[in-house]
Amino acid sequence: MITKKVILIGDFATGKTSLIRRYVDNQFSDDYLTTIGVKISKKHVQISQELELQLMIWDIEGRTDLKETNPAYVLGAHGVIIVGDSTRQASIDNIPLHLKLAQKLLKNVPAVVALNKVDLLTEDVQMKSIVSYLHDSLEGVEEIFETSAKDGRNVEELFLSLSKAILK
Amino acid sequence: MNDYEKLKQLLFEEERHKIDELELLLKKSIEESTDATTIVEKISPLLSDIFSKTIEQNKAEFIAIFAPLISDMLQSTIQDSSDKIAKVMSPIISLAIKDQVKNEKDDIVDALYPVIGNMISKFVSQSFKEMINEINTKVQSTFSYETLKRKMIAKIKGVSETELLLQSSTKLNKVESVFLIHKESGLLVSERSLENHESIEPEMVASMLSAIRSFVNDWISKNSDSLELNEIEFGNYTIYLEVAGCCYLAVVLSGTSNRALQNKITSVLEFLVKKYSDAIANFEGDKSKLDLDEINKHLDTLLENESEVSAAQKEKQNYTFFWILGVLVFAALSVYFYISYSNQTLQEKIERSLHENPHFNLYDISIDVGYKSVVIAGKLPYESLHQNLLQSIKPFLTRRILEDKIVLAYAPLTVEEINKELAIAFAMLNIDDGNRIRYKLNGNSVTIHGIIKSKKNYDKVLSKISSIEGIRQIISDVEYDFSQNGLKIYYGVSKSKLTQEKMNLLDLWIKSSKVRKTLELYNDLNLLVMGFSDGRGALQKNIYYAQERAKKVYKYLIKKGIPSSRISFIASPTPLAEMVNEKSYEGRLVQIKWIKNDN
């Protein structure tokens, strides 16, 4: 089986850890995250009947200061998930910065964006404007998903899309 | 009133009527039947009722009454049937201890601490005793290579033999799992574990270890890139991390890591990196692209179980021993070869220098150059040669001592041998240009004749010849410094006759110039008779006279015994320019000259 490293980056409290908890098969205790700044989880993704991918998901602690992220966690990744909190404009504004940082360390690696916590969003119009803004300002992003760790909306789709992009 | 009566009173005060009833019943029962068991059967249901009710109502008092009794009861029961008590109590006790430990951990620790100390020391001392016994038997065991080696190492290191044995009896670490991990991505390249020690979620472990490694490296070595996380310890386990450029090995072992194991890990990683560095560096999570079987084979060498490890280690130690032995042997051999080589070269040098002196070639002289001495042996016919030999060898000796085993053998030399000696002596002398010496051996007398340029050379020859054993007499007919003189015979006008006077002159010249001897000794010299005229008058006449003059001298010389093959004549109608002066007769002449023939 093919194994790939996928990283989750994004601002503090955008729900990265929740997204993973919703998704993965296996993970280490959340305690590690606060200790060393990364949490490792594993997920098997059935791409097609014959093709199964094993994702090692590195949930990198969200920091407000982007430069602080340990580059060693990012290096060697085959896919990037950037998570923003759709209810917090600042976290969305930082998505391009996270993407740039990852693209600087990783060459030609596919990335997807998760706009999380959509369950909290009352207005659909608001969401649509965010997505259109991101579509305009992000380069090298495969797809933008509106996700919810709470109700599981688009979570599987998010990882599946990235997995397919990795194997492309 | 004692306790019992008090109890009786307590029990019966309120239920006197019941007891009365009982009494009646008892009496009745006893009347009905004398069988004790039936009585007990009948009373027993009542008794429990009585007790339970009493306890319910007067619990405290009841306890107060029974408490002193219980300890006595227990004591006597334990004395009588301790086994049964133990059986009954054991499940409760373990539960009780567990509970106690859970709730009052610190108290338990404090309480047990002094006892445990003693227990452990007792246990340890017992173990040590056993170990020492084991060691003693080992020490006393028969003489073997191992014991000899241990004794030697103990002597060299200044460590007691027992300590060495302790080291060897200490259990080695056991490698339980090995992870080969892609450094950058933290993806697992391969994981190998001992049987029954299979890792749970090796991929997760690999990633987590990578994260931890990155974290620690980032955290601690902010200013120094070369630092690496090498070991993670927890309890009795150690994770040893060995990092190379593209990947790293994480080795989980029980016990602490030791140098031998670290070296082994390093060498395995080194090998893998050397062989698969590109493949591993480009690892994208697809194991099918790697030669995983080969990699695993190498990783498995780290998992060799304890006995194998110790055997391997033993073997390694043996190898070191053999290495040392090998190096020593090599050193000894090279010293030996150096000495024998230097001996050999010196021997060749001496032999070569002796070869340059042809005299020594005639005799079988053996030269044996050793480390400390040079031995010469063989037979030489006479002392002067012997002394000569010693003088020739002396400059080569340096620090070595000359052992002279030369025997002087005065046995008369054979004619061939003497001839050989003579041939050498004369060949040397005749190398000088101008020396023309021949010798003739007749029995033990040598006749020398010839021409010699200087007296000095001749003396050398004489001393050489006289040093040849077997020669008793030297007859010398040698002449010095021969110069090849020519002769000029002048003629009157139109005269060509060889007069008596002229013949006498030629005779004298032949004799005084040792013409015959010269011809004999100088193969390369021939005689040329040149006839000249004064060039005045008719050319025809001049030619005639020049020819006549030369021809007559030529014929006369042949008549006098000069071989015709060594003499020739030519004629010239005019004299040579050098011959022309005021005296006209000087142009009419015959000149006899020695000429070098070109053959």
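The values are calculated or read from the model by the stated rules, or taken from the named source; none is laboratory data. Predicted model, so just to flag it, every value in this text is computed and none were measured. Quick reminder, even Gly has a Cβ in these numbers, built from the backbone with ideal geometry, and neighbours come from all protein chains shown.
Of note:
- All strands (runs of 3 or more DSSP E) inside the range B:460-567 with 2 or more residues being within 30 Å of residue B:362 (Cβ to Cβ) and in contact with a strand residue (DSSP E or B) (Cβ under 6 Å, 6 or more places away or on another chain): B:473-480
- From A:145, A:159, residue being touching a Phe, Trp or Tyr at 6+ places or on another chain (Cβ under 7 Å) and within 23 Å of residue A:100 (Cα to Cα): A:159
- Qualifying residue in the range A:155-166 (condition: among the polar types (S, T, N, Q), touching a residue at least 40 places away in the same chain (Cβ under 8 Å) and closer than 20 Å to residue B:283 by Cα): yes
- Odd one out for residue A:82, checked against (1) touching a His at 6+ places or on another chain (Cβ under 8 Å); (2) more than 10 Å from chain B (Cβ to nearest Cβ); (3) more than 22 Å from residue A:156 (Cα to Cα): (3)
- Checking each residue in the range B:174-217 for being in a loop (DSSP other than H, G, I, E, B), at the interface with another protein chain (Cβ under 7 Å from one of its Cβ atoms) and hydrophobic (A, V, I, L, M, F, W, C) picks out only B:187.
- Close pairs (6 angstrom Cβ cut-off, 6 or more residues apart or separate chains): more than 13 Å from chain B (Cβ to nearest Cβ) in the range A:41-53, surrounded by 13 or more Cβ atoms within 10 Å (Cβ to Cβ) and of a type in the set (D, E, K, R) anywhere: A:46/A:52
- Subset of the range B:229-281 [of a type in the set (A, V, I, L, M, F, W, C), in contact (Cβ under 8 Å) with a residue 60 or more places away in the chain and assigned to a strand (DSSP E or B)]: B:243, B:247, B:249, B:250, B:251, B:252, B:253
- Taking the criterion of being modelled with pLDDT of 85 or more and not small (Gly, Ala, Ser), the residues of the range B:243-263 that qualify are B:247, B:248, B:249, B:251, B:252.
- So residue B:398, is it β-branched (Val, Ile, Thr), under 26 Å from residue B:336 (Cα atoms) and either touching a Phe, Trp or Tyr at 6+ places or on another chain (Cβ under 9 Å) or surrounded by fewer than 14 Cβ atoms within 10 Å (Cβ to Cβ) (or both): yes
- Consider the range A:53-90 and keep the residues that are modelled with pLDDT of 85 or more and of a type in the set (Asp, Glu). The one that is surrounded by the most Cβ atoms within 10 Å (Cβ to Cβ) is A:59.
- Where strands (runs of 3 or more DSSP E) fall wholly inside the range B:336-440, the ranges with 1 or more residues that are of a type in the set (Ser, Thr, Tyr), outside the structural domain of residue B:461 (by TED's automatic domain parsing) and touching a Leu at 6+ places or on another chain (Cβ under 9 Å) are B:373-380.
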